[in-house]
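Asker: Okay, handing you the structure first.
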Amino acid sequence: MPPFERRGSKAEQPPIEVDWPKVMEDLLNIPGEQLAAYSRFRRQLSLGNQALLMSQGLLEPFNTYRGWGELGRQVKRGAKAKAILRPIQVKNHNAKSEDDPETFTKFKLVHSEFGVSDTEGDDLPEYEPLDDWRIETALGRLAITEVPYQSLDGNSQGHSFGRNIAINPLAAYPFKTRLHEIAHVELGHTTKDEQPEDVPHARGHKEFEAEATAVFTIKKIGASALTLMNESASRNYVQGWLKDEKPTDRSIQRVFSTSDRIYKAGLPEEVTSE
């Protein structure tokens, strides 16, 4: 089969014509725009408050009642808010001289936080079946497991560890995010004790490899998948992580080979066996 040619149970399809070097050049050089989903949750809680929320069983993105409303979601009737400690200024009634502070800070327990499972709204978008390509097939063939997202970080789109991936239920582009996290696993980024020598150690280079692999995989799947990612946001993401550095030729080769492996893993058996 010629490289990246689409064939399957339907009528014979022509090869996908993509200028791959130009795709890489654009990804590295054309300015992009930051995806708003990376900054929807602006509040940064202290480690103490994060631990307090987790002790109350909260292991998912969270927000206040008003905050969820601004994101287009409504807190369910009867949902119980979780508590955090908030600093408040209290007048110092024991001040004995002008040198004593007029106020001091104390912390008050305030029930104000709701997890995403406490909210309701429009159904989150699922990826659409793309001709013969299936992400479930790819996960199975690559022996990767998708597990529930258990993190308080609402801005993170997903994460991966070992041979597991977890996708934020609020991910803006869940299909692309799944491919990004699958790429981290297949590139060897999640197995510290087994990383090959050519795995880049800098976080920025790892993020470049994973995002570029996701972009290239989507392009190989075909035009119907392009609506499932934001190319401008991907360019911004890659360039933001790399800063002014350039990926090595070996790193670029890893993107090509890994995206090809993931793409083939999602095809039906009769296609991959030809």
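Asker: With the requirement that a residue be in contact (Cβ under 8 Å) with a residue 12 or more places away in the chain and not in a loop (DSSP other than H, G, I, E, B), what does the stretch 40-58 give you?
Answerer: Of everything in the stretch 40-58, those that are in contact (Cβ under 8 Å) with a residue 12 or more places away in the chain and not in a loop (DSSP other than H, G, I, E, B) turn out to be Gly48, Asn49, Gln50, Leu52, Leu53, Met54.
Asker: Starting from residues that are loosely packed, with under 14 Cβ neighbours inside 10 Å and in contact with a Gly (Cβ under 9 Å, 6 or more places away or on another chain), keep the ones in the stretch 108-123 and report whichever is nearest to Leu152 (Cα to Cα).
Answerer: Checked the stretch 108-123; the qualifying residue nearest to Leu152 (Cα to Cα) is Gly121.
Asker: Of everything in the stretch 59-74, what is buried (at least 22 other Cβ atoms within 10 Å of the Cβ) and assigned to a loop (DSSP other than H, G, I, E, B)? Give them in sequence order.
Answerer: Of everything in the stretch 59-74, just one residue is buried (at least 22 other Cβ atoms within 10 Å of the Cβ) and assigned to a loop (DSSP other than H, G, I, E, B), namely Pro61.
Asker: Pick from the stretch 219-247 the residues that are out of contact with any Asp or Glu (no Cβ under 9 Å at 6 or more places or on another chain) and modelled with pLDDT of 85 or more: which of them is farthest from Pro21 (Cα to Cα)? It would help to see each step written out before you state the result.
Answerer: Within the stretch 219-247, the first condition is being out of contact with any Asp or Glu (no Cβ under 9 Å at 6 or more places or on another chain), and the residues that meet it are 219, 223, 226, 229, 239, 243-246.
Those left that are additionally modelled with pLDDT of 85 or more: 219, 239, 243, 245-246.
Details: Lys219: 13, Gln239: 17, Lys243: 20, Glu245: 18, Lys246: 15 Å.
Restricting to residues being out of contact with any Asp or Glu (no Cβ under 9 Å at 6 or more places or on another chain) and modelled with pLDDT of 85 or more, the top hit is Lys243.
Asker: Name the residues in the stretch 148-172 that are within 8 Å of the chain's Cα centre (by Cα) and surrounded by 22 or more Cβ atoms within 10 Å (Cβ to Cβ), would you? Steps first, please.
Answerer: Within the stretch 148-172, the subset within 8 Å of the chain's Cα centre (by Cα) is 156-159, 167-168, 171.
Answer for the stretch 148-172, where residues must be within 8 Å of the chain's Cα centre (by Cα) and surrounded by 22 or more Cβ atoms within 10 Å (Cβ to Cβ): Gln157, Asn168.
Asker: Let me ask you something else. Say whether the condition of being surrounded by 14 or more Cβ atoms within 10 Å (Cβ to Cβ), within 20 Å of the chain's Cα centre (by Cα), at pLDDT 90 or above and not in a helix (DSSP H, G or I) is met by at least one residue in the stretch 177-187.
Answerer: Checked against the condition, which is being surrounded by 14 or more Cβ atoms within 10 Å (Cβ to Cβ), within 20 Å of the chain's Cα centre (by Cα), at pLDDT 90 or above and not in a helix (DSSP H, G or I), the stretch 177-187 yields at least one hit.
Asker: Can you name every residue in the stretch 201-235 that is surrounded by fewer than 20 Cβ atoms within 10 Å (Cβ to Cβ) and either out of contact with any Phe, Trp or Tyr (no Cβ under 9 Å at 6 or more places or on another chain) or not in a helix (DSSP H, G or I) (or both)?
Answerer: Answer for the stretch 201-235, where residues must be surrounded by fewer than 20 Cβ atoms within 10 Å (Cβ to Cβ) and either out of contact with any Phe, Trp or Tyr (no Cβ under 9 Å at 6 or more places or on another chain) or not in a helix (DSSP H, G or I) (or both): His201, Ala202, Gly222, Ala223, Ser224, Leu226, Thr227, Asn230, Glu231, Ser232.
The values are calculated or read from the model by the stated rules, or taken from the named source; none is laboratory data. None of these values were measured; they are calculated from a predicted model. No Cβ is skipped: glycine too gets one built from the backbone with ideal geometry, and neighbour counts run over all protein chains shown.
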